[in-house]
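Student: Dropping a structure here in structure tokens format, bear with me for questions.
Every number in this text was worked out from the coordinates using simple rules, so none of it is lab data. Only a predicted model underlies this, so the values are computations on that prediction, with no experimental measurement involved. Ideal geometry is used to build each Cβ from the backbone, glycine not excepted, and the neighbour counts take in all protein chains shown.
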Amino acid sequence: MSRRDELAANLEAVEERIGAACSAAGRSRDEITLVVVTKTYPASDVDLLAELGVTDIGENRHPEAEDKWAEVTHPVRRHFVGGLQTNKAGAVARYADIVQSVDRLKLARSLSRGAETADRELGCLVQVDFGTDASGRSGAAPADVDALADEIASLSNLRLDGVMTVAPLGVDPRPVFDQLAALAAALRSGHPGAVVVSAGMSDDFESAVEAGATHLRVGRSILGERPPLG
Ligand SMILES: *Cc1c(COP(=O)(O)O)cnc(C)c1O
């Protein structure tokens, strides 16, 4: 099977799962954006995915994202979804369309300065950590989300698009997705444009669809299992 056929088959299987989850939840497929996370896979895969109709692509590391996206020839929306050091924010602000992992004021300010220098507008999601995982995931504490969101909304060249979370491994993610949806609804009362709720990965995106997610971040189910990182 060619790589193109393999990606097409995997994408179709994921679309079937999304469709079934939408039907079960009484939602419409067009309320949901599939962000295909292509980390560790080459730019040629991104181009194949774009040819297969994928509009949104995610990466979690700099400079892998920068190098890969420089090679991509199709127009796709570029989401940076990984933990980000403040000293790399300026670089990421030059090439990402949306940063889903904004979890602290200092990072927001660095992204703003970078976007200003690059004369670009950068979409931002506040990454929330609901603290259900002992392994120290990144993300803002729920109590800090309002202040961070207000800051993002007030900073130049940043646009507050919504919220994102990564569910803890090995437990039912649904309570976390429900908490994220509730937090997103509260945030929208002050920031009506913050409509994005990014939740759900390969193993749990049905649950995210049920909970009201607007953006799913799916890697392995479409690209294949990644080799373990060294
Ligand atoms: C890798 C990654 C994903 C995709 O995970 P899969 O398990 O490959 O579907 C989603 N979100 C983030 C933040 C990631 O780093």
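Student: So which pairs qualify, if the first residue must be in segment 194-205 and touching a residue at least 60 places away in the same chain (Cβ under 8 Å), the second must be assigned to a loop (DSSP other than H, G, I, E, B), the Cβ gap must be under 6 Å, and the two must be at least 6 apart or on different chains?
Tutor: From residues that are touching a residue at least 60 places away in the same chain (Cβ under 8 Å), the pairs are VAL196/THR214.
Student: In addition: Hey, any hits in segment 99-111 for a residue that's surrounded by fewer than 18 Cβ atoms within 10 Å (Cβ to Cβ) and among the hydroxyl-bearing types (Ser, Thr, Tyr)?
Tutor: no
Student: Residues of segment 210-230 being buried (at least 17 other Cβ atoms within 10 Å of the Cβ) and within 14 Å of the ligand (Cβ to nearest atom), which ones?
Tutor: Filtering segment 210-230 down to residues buried (at least 17 other Cβ atoms within 10 Å of the Cβ) leaves 210-219, 221-223.
Those that are buried (at least 17 other Cβ atoms within 10 Å of the Cβ) and within 14 Å of the ligand (Cβ to nearest atom): ALA213, HIS215, LEU216, ARG217, VAL218, GLY219, SER221, ILE222, LEU223.
Student: Only one residue in ILE98, ILE57 is within 16 Å of the ligand (Cβ to nearest atom), in contact (Cβ under 8 Å) with a residue 24 or more places away in the chain and not basic (Lys, Arg), so which one is that?
Tutor: Numbers: ILE57 fails: in contact (Cβ under 8 Å) with a residue 24 or more places away in the chain.
One residue alone meets the criteria, ILE98.
Student: Could you check segment 79-89 and list, in sequence order, the residues that are buried (at least 16 other Cβ atoms within 10 Å of the Cβ) and in a helix (DSSP H, G or I)?
Tutor: Hits for segment 79-89 are LYS88, ALA89.
Student: Pull up segment 69-95, narrow it to residues that are within 13 Å of the ligand (Cβ to nearest atom) and not hydrophobic (A, V, I, L, M, F, W, C), then point me to the one that is nearest to ASN157 (Cα to Cα).
Tutor: Quick first cut of segment 69-95, residues within 13 Å of the ligand (Cβ to nearest atom) only: 79-84.
Still in the running and not hydrophobic (A, V, I, L, M, F, W, C): 79, 82-83.
Values: HIS79: 16, GLY82: 20, GLY83: 21 Å.
Result: HIS79.
Student: Oh, and also: Within the group ASP119, ASP150, which residue is more than 18 Å from the chain's Cα centre (by Cα), under 22 Å from ALA186 (Cβ atoms), more than 14 Å from the ligand (Cβ to nearest atom) and not hydrophobic (A, V, I, L, M, F, W, C)?
Tutor: Working: ASP119 fails: under 22 Å from ALA186 (Cβ atoms).
Being more than 18 Å from the chain's Cα centre (by Cα), under 22 Å from ALA186 (Cβ atoms), more than 14 Å from the ligand (Cβ to nearest atom) and not hydrophobic (A, V, I, L, M, F, W, C) holds for just one of ASP119, ASP150, which is ASP150.
Student: With the requirement that a residue be under 20 Å from PHE80 (Cβ atoms), more than 16 Å from the ligand (Cβ to nearest atom) and assigned to a loop (DSSP other than H, G, I, E, B), what does segment 165-201 give you?
Tutor: To start, the set of residues in segment 165-201 that are under 20 Å from PHE80 (Cβ atoms) comprises 165-167, 180, 184, 193-201.
Remaining after also requiring more than 16 Å from the ligand (Cβ to nearest atom): 184, 193-195.
Residues satisfying the conditions are GLY193, ALA194, VAL195.
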